[in-house]
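None of the figures in this text is laboratory data; all of them are computed from the coordinates on show. Bear in mind the structure is a predicted one, so any value in this text is a computation, not a measurement. Heads up, the Cβs are rebuilt from the backbone with ideal geometry, glycines too, and the neighbour counts pull from every protein chain shown.
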Amino acid sequence: MTYDWTGQRTRRIKMLRAASIGMLLLILAIVPTLMMRYNLIHFN
């Protein structure tokens with residue numbers, strides 16, 4: 001593995017990490033709303 005002087009690799013890794021965290025949060029936000037939408041879970 002060669003050292004990249006431009007920092008392109010680290011930038012890509014940071015973007016990937018941010019994107020994966022964002023997707024995870026999005027999924028965590030969407031799943032309960034979908035379940036509530038289709039009445040699979042009920043909050044009393």
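Modelled label positions at residue 33 and residue 19, each set 7 Å beyond Cα in the direction of Cβ, lie 2.2 nm from each other.
May I ask for the net charge around residue 20, where only other residues with Cβ less than 14 Å from the Cβ of residue 20 are counted and Lys, Arg are +1 while Asp, Glu are -1? Kindly include the intermediate steps, with their values, before the conclusion.
Working: positive: 12, 14, 17; negative: none.
That sum, taken over residues with Cβ under 14 Å, equals +3.
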